[in-house]
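Enquirer: Supplied in structure tokens, the structure appears directly below.
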Amino acid sequence: MPFQQKPLNLAKELERKFPAEVLSTLREVGKFASQMGMTAYAVGGFVRDLLLGTPTLDIDIVVEGNGIALAQKLAQMWQADLTVHERFLTATLQWRLREPKSASTHAPIHACTLSRLDIATARKERYPKPAALPEVEPASILDDLWRRDFTINAMAICLDPKRFGELVDPTGGFNDLQRGIIRVLHERSFVDDPTRIFRAVRYEQRFGFKIERKTLRLICHARDESLLTKLSRDRIKHELWRMLQERDPTKPMRRLSKLRILPVIAPELCVTTKRLEWMRRANEWLNWFAEKFPEKRLEREWALLLTLLPNAKAMDLFSQRYQLGESERECGLALLKALKRRTPKRPSSWVRWLNPLPLEAALVLAAKRSLPNDPLWQRYFLEWRWARPDITGEDLKACGILGRSISVGLQAALAVKLDEGADASKQLEVALRRAQRYRTSRR
Ligand code: ATP
């Protein structure tokens, strides 16, 4: 931990850790709030991560006063897009022309610019019944911090020009951060909002912290009282997906399983040491692929879950439970089918085996059969999957080939290119021979 004593003012830390542009944005937020008779604070994960020495550009601002009015003023001044959620007293500013922040939350800060700012009115919450969404009303920053999930997330930094950098820590978050402890703020925390159970596990595993003893008891109690079943499927899915987006998703999944929470929310998931190892490798393959092809979108969370779903029935149950689409289900079934085949020798057989699979399934299969630095598998994803013959259907048509025979011929051309490195004229020769043979066989 990079600090020993509780710092009362974090202005120097902010200056050290953030580029001038971000720092001046924070100062301006404080200044304009003050001119409007309000006080602005940076809160939550932003403060926690700064104190942990891993600063983030996910900046949440809370305002004592009217957060939406401040957001409107700033959006107009900075020509940013504004989205307002009146009911929740929140607003989001977005800069469309700026480069989006790097996809990884762990990218170095100096490499990013601020592309979004969340601004909320400081508020109190009241839970009309367990696990329901809260009713909110404007309040002080202290009320706002006391409604939060854990002490380490319940700190604020004042942005007012006269108090810039002052740490506000009413719940002992700084001490818990230093001791590596996840602690709720009151006994009813998980009754009010059982999604906090997932959040506790996520932070514990991400930071290598420990859930404090009493908090752990409350989690087990909430589980035994079936509080999780009061949550909507959507909210559970959202939390599960967030776990799967962690740098090492196997850690929270293992912990959820040990706490006997996974069987409550998804009994069809089969969590064994072997399957978690498969998931860990799948995650590495997905990372490898995302780095090589940043423009391709992958359904990472579903790909990772496939490693824990042992058969078609489990996949069906899970997809129904969380209302996944037909494409996810088909991806899973294609994987199960492809898993039955042995890894072939010739590149053309790899293409026939893996190209019909969605990328996610092919990467999960790669994780089952190899390590992410396996050159043969890398070659498949970098080269073979995208390879096309050097001749086209038009070339075959010009030689009198028609209909389905064209695709048969092109497949043969690709095979001879991949397996033997044949040039275009050899490919054409092989394609014509194969297409004619196909045509004769169909007569
Ligand atoms: P992460 O790095 O996981 O995004 P974060 O702290 O930024 O962490 P968010 O989910 O963006 O997490 O939430 C922002 C802040 O809002 C949290 O730090 C916490 O103070 C508060 N918060 C979020 N969800 C809850 C909840 N369910 N109950 C109480 N407070 C919450």
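Enquirer: Taking amide H positions as placed in the peptide plane 1.01 Å from N, state which residues far from K124 in sequence (5 or more) or on other chains have amide H under 5 Å from it.
Expert: Amide H neighbours of K124: E137, A139.
Enquirer: Right, next: Would you please give the residues with an amide H less than 5 Å from that of G44, counting only those at least 5 places away or on a separate chain, with H modeled from the backbone geometry?
Expert: When sequence neighbours closer than 5 places are left aside, the close amide H contacts are M155.
Enquirer: Enumerate by residue number the trypsin sites (Lys or Arg not before Pro) in the range 330-378 meeting two conditions: DSSP loop (anything except H, G, I, E, B), and at most 12 other Cβ atoms within 10 Å of the site's Cβ.
Expert: Details: sites: K337, K340, R341, R342, K345, R352, K368, R369; in loops: K340, R341, R342, K345.
The qualifying sites are K340, R341, R342, K345.
Enquirer: Please name whichever of F164, I236, S189 sits farthest to the positive end of the charge dipole of the chain, dipole taken about the Cα centre and charges placed at Cβ: Lys and Arg +1, Asp and Glu -1.
Expert: Positive-end residue among those listed: I236.
Enquirer: Just list whichever of K340/K417; K12/K73; K258/K340; K210/K313; K210/K237 have alpha carbons separated by over 32 Å in the model shown. If you can, show how the numbers build up before the last one.
Expert: Numbers: K340/K417 27 Å; K12/K73 28 Å; K258/K340 30 Å; K210/K313 36 Å; K210/K237 24 Å.
Those over the limit are K210/K313.
Enquirer: So, with +1 on the Cβ of K and R and -1 on the Cβ of D and E, and no other charges, what is the size of the charge dipole of the chain about its Cα centre, to the nearest 20 debye?
Expert: Roughly 2140 debye, rounded to the nearest 20.
Enquirer: Treating only the Cβ atoms of Lys and Arg (+1) and Asp and Glu (-1) as charged, compute the dipole magnitude of the range 273-325 about its Cα centre; round to the nearest 20 debye.
Expert: Computed charge dipole of the range 273-325: roughly 140 debye.
Enquirer: Follow-up. What are the lysines whose alpha-carbon lies under 17 Å from the alpha-carbon of K129, with same-chain residues fewer than 8 places away excluded?
Expert: Excluding near neighbours in sequence, the set is K230.
Enquirer: With +1 assigned to the C-beta of every Lys and Arg and -1 to the C-beta of every Asp and Glu, and no other charges, what is the dipole magnitude of the range 311-350 about the Cα centre in debye, to the nearest 20?
Expert: Using Cβ point charges on Lys, Arg, Asp and Glu, the range 311-350 gives about 440 debye.
Enquirer: Which of these, P249, P294, P194, has the largest mean-square fluctuation under a Gaussian network model of the chain (Cα springs below 10 Å)?
Expert: P294
Enquirer: Put one equal scatterer on each alpha carbon of the chain, apply the Debye formula with no solvent term, and list log10 I(q)/I(0) at q = 0.06, 0.08, 0.13, 0.14 1/Å to two decimals.
Expert: -0.37, -0.61, -1.19, -1.31
Enquirer: Which is farthest toward the positive dipole end of the chain among A11, N283, A33, measuring Cα position about the Cα centre, with Cβ charges +1 (Lys, Arg) and -1 (Asp, Glu)?
Expert: N283
Enquirer: Per DSSP H run of at least 4 residues, take -39500 (n - 2.57); add these up for the chain, divide by its residues and hand me the 222 nm value, nearest 500 deg cm²/dmol. Display every interim value, and only then the final one.
Expert: Details: 22 runs with 229 residues, N = 443.
The per-residue figure over the chain is -15500 deg cm²/dmol.
Enquirer: Using the beta-carbon distance between R379 and L339 and R0 = 22 Å, what value does 1/(1 + (r/R0)^6) give for FRET efficiency, to the nearest 0.05?
Expert: 0.60
Enquirer: Please list 3J(HN,Hα) in residue order for the range 280-291, calculated via the Karplus relation 6.51 cos²θ - 1.76 cosθ + 1.60 where θ = phi - 60°; whole Hz, with x for glycine and proline.
Expert: 4, 5, 4, 4, 5, 5, 4, 4, 4, 5, 4, 6
Enquirer: Give the long-range amide H neighbours of R148: residues separated by 5 or more places, or on another chain, with amide H under 5 Å away, using H modelled in the peptide plane at 1.01 Å from N.
Expert: Under 5 Å from the amide H of R148 lies no amide H from a residue far enough along the sequence or on another chain.
Enquirer: Also, I was wondering about something else. Most mobile of T307, T92, T272 per a Gaussian network model of the chain (Cα springs, under 10 Å)?
Expert: With Cα springs under 10 Å in the chain, the top fluctuation among T307, T92, T272 is at T272.
Enquirer: Who wins for biggest fluctuation among Y41, Y203, Y127 in a Gaussian network model of the chain, springs between alpha carbons below 10 Å?
Expert: Taking springs between Cα atoms under 10 Å, the residue moving most is Y127.
Enquirer: Continuing with the same structure: List the GluC sites (Glu not before Pro) within the range 1-90 that fall in a DSSP loop (any state other than H, G, I, E or B) and whose Cβ has at most 10 other Cβ atoms within 10 Å.
Expert: Loop-located and lightly packed - none at all.
Enquirer: Per residue of the range 350-367, what does 6.51 cos²θ - 1.76 cosθ + 1.60 with θ = phi - 60° give for ³J(HN,Hα)? Whole Hz please, x for Gly and Pro, Karplus curve as stated.
Expert: After applying 6.51 cos²θ - 1.76 cosθ + 1.60, I find 4, 5, 5, 6, 9, 4, x, 7, x, 3, 4, 5, 5, 5, 5, 5, 4, 5 Hz.
Enquirer: Quick one: length gained pulling R217 to R260 fully straight, 0.36 nm per residue minus the C-alpha distance?
Expert: 14.2 nm
Enquirer: As an exercise, use a Förster radius of 51 Å and the Cβ-Cβ distance of E86 and F207 to find the FRET efficiency, rounded to the nearest 0.05.
Expert: After rounding to 0.05, the efficiency reads 0.90.
Enquirer: Which whole-Hz ³J(HN,Hα) couplings does the range 381-398 yield from phi under the Karplus relation 6.51 cos²θ - 1.76 cosθ + 1.60, θ = phi - 60°, glycine and proline marked x?
Expert: 6, 7, 10, 4, 4, 9, 5, 10, x, 8, 10, 10, x, 4, 4, 6, 4, 4
Every read-out reported here was derived from the displayed coordinates using simple, explicitly stated rules and does not represent laboratory data. Model, not experiment: these values are computed from the prediction. FYI the Cβ positions are ideal-geometry reconstructions off the backbone, even for glycines, and counts take in every protein chain you see.
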